[in-house]
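J.: My questions will all concern the structure given below.
The values are calculated or read from the model by the stated rules, or taken from the named source; none is laboratory data. These numbers were taken from a predicted model, which means no experiment stands behind them. FYI the Cβ positions are ideal-geometry reconstructions off the backbone, even for glycines, and counts take in every protein chain you see.
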Amino acid sequence: MRRFILFVPLVIFVGIGVFLWKGLQLDPTELPSALLNKPLPAFQLSALSDPERQLTEADFKGEPALVNVWATWCPSCKQEHAQLNRIKAEGYKVIGINYKDDRQKADIWLKKYLNPYALNVFDNEGSLGLDLGVYGAPETYVIDAEGIIRYKHVGVVDEKVWGQLKGIIDQLKSGNKVLAQ
Amino acid sequence: MRYFIAVFLLILPVSVWSAIDTYEFKDDATRERFKQLTFELRCPKCQNQNLQDSNSPIASDLRNEVYKMLQEGNDDSEIVDFMVARYGEFVLYRPPVNKATYVLWYGPFGLVVIGIIVVLMVSKKRKRNTTTSEVSSESNDETHLSSDESERLKDLLDTGKNK
């Protein structure tokens, strides 16, 4: 019994060590989305390509898709753009939300770097962004065919992240209801 | 030249001031509520700044939103709920008491209780140790007599009396 007590500090030390070590691996900037498994917020905004055309959340429905929040002022968006083009080439639907941007600049950007977006919402005041809980572009959501948000990724979509997102979309397409953690 | 510098210095504080957004409130109570809300809501982009403190664009958007909702006559809990619905409980500097935050709220009290128990145990043990050591020192004492010795002593004293 006496002997055992001598090991108590060691056990406590190891416990705290493991706890803190795990904490080091966590990314504190990654917030869980408050909108997981909730439908897209209602909105009515013009299309990026055509100021006359009004888009609503109904336009997002139909098949599982990526919803990408982007802007020309955001350097990481440029970084992930080529990946988005590849995703489109693979036959997946990508919807864009042009967040707090300039219509002209965005048009030029899409001509210059190609347009991976099936449609693009022009959210220059960031009102849809606010309702989605966007706190920094780029952010990418996975929505299912009914327009319910199933996953949120904050930051650049690269090869590795796409692998993960693709898995979720494929599962949604095969009819499995995945509940994102 | 000196004149220009003087004019420039006069303008400087004004231009610095203009970087801070200004809000007009209908009364002091609303202003106070705005201060309180932006003080207690955390900027989602920044790790440890409230809305009041942060210069990030998202914080300024949310300040505008709080202001707008105050002007529209929403009460504080509606504004807080609005923010939580979008950004999650991360934005609350005063988290609600629920299953996920029990450790946060009650953990410190638990630690205090554990501390008190440890202190009590240690002091009790120390007390017991000192009493046992007193007993043992008594038994080692040269003045302490065993039963044989005390009998002999009694005999000696008795014979002395009889003489």
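For every residue, the table says whether it meets (1) modelled with pLDDT of 95 or more; (2) under 16 Å from the mean Cα position of the chain (by Cα); (3) more than 26 Å from residue B:46 (Cβ to Cβ).
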{"site": "A:50", "(1), (2), (3)": "no, no, yes"}
{"site": "A:60", "(1), (2), (3)": "no, yes, yes"}
{"site": "A:65", "(1), (2), (3)": "no, yes, yes"}
{"site": "A:79", "(1), (2), (3)": "no, yes, no"}
{"site": "A:105", "(1), (2), (3)": "no, no, yes"}
{"site": "A:108", "(1), (2), (3)": "no, no, yes"}
{"site": "A:111", "(1), (2), (3)": "no, no, yes"}
{"site": "A:120", "(1), (2), (3)": "no, yes, yes"}
{"site": "A:135", "(1), (2), (3)": "no, yes, no"}
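J.: Next question. Would you please name the residue that is nearest to the other protein chains (Cβ to nearest Cβ), looking only at residues in segment B:39-59 that are crowded, with 20+ Cβ neighbours inside 10 Å and either more than 17 Å from residue A:30 (Cα to Cα) or small (Gly, Ala, Ser) (or both)?
T.: B:59
J.: Is it true that residue A:99 is free of Cβ contacts under 8 Å to residues at least 60 places away in the same chain, within 14 Å of chain B (Cβ to nearest Cβ) and surrounded by 10 or more Cβ atoms within 10 Å (Cβ to Cβ)?
T.: Yes; evaluated as a whole, the condition is true for this residue.
J.: Could you check segment B:60-94 and list, in sequence order, the residues that are more than 14 Å from chain A (Cβ to nearest Cβ) and of a type outside the set (D, E, K, R)?
T.: Correct list: B:70, B:71, B:73, B:74, B:77, B:93.
J.: Scan the strands (runs of 3 or more DSSP E) fully inside segment A:32-73 and keep the ones with 2 or more residues being among the β-branched types (Val, Ile, Thr).
T.: Fully inside segment A:32-73 and qualifying: A:65-70.
J.: While we're here: Which one of the conditions (1) touching a strand residue (DSSP E or B) at 6+ places or on another chain (Cβ under 6 Å); (2) not in a helix (DSSP H, G or I) does residue A:125 fail to meet, given that it meets all the rest?
T.: Of the numbered conditions (1) touching a strand residue (DSSP E or B) at 6+ places or on another chain (Cβ under 6 Å); (2) not in a helix (DSSP H, G or I), the odd one out for residue A:125 is (1).
J.: Is it the case that segment A:43-57 has a residue that's within 14 Å of chain B (Cβ to nearest Cβ) and of a type in the set (A, V, I, L, M, F, W, C)?
T.: yes
J.: Can you list residue pairs whose Cβ atoms sit under 7 Å apart, with the first residue in segment A:21-35 being within 14 Å of chain B (Cβ to nearest Cβ) and the second being among the aliphatic types (A, V, I, L, M)? Count only pairs 6 or more apart in sequence or on different chains.
T.: Correct list of pairs: A:30/A:154; A:33/A:149; A:34/B:84; A:34/B:85; A:35/A:132; A:35/A:149.
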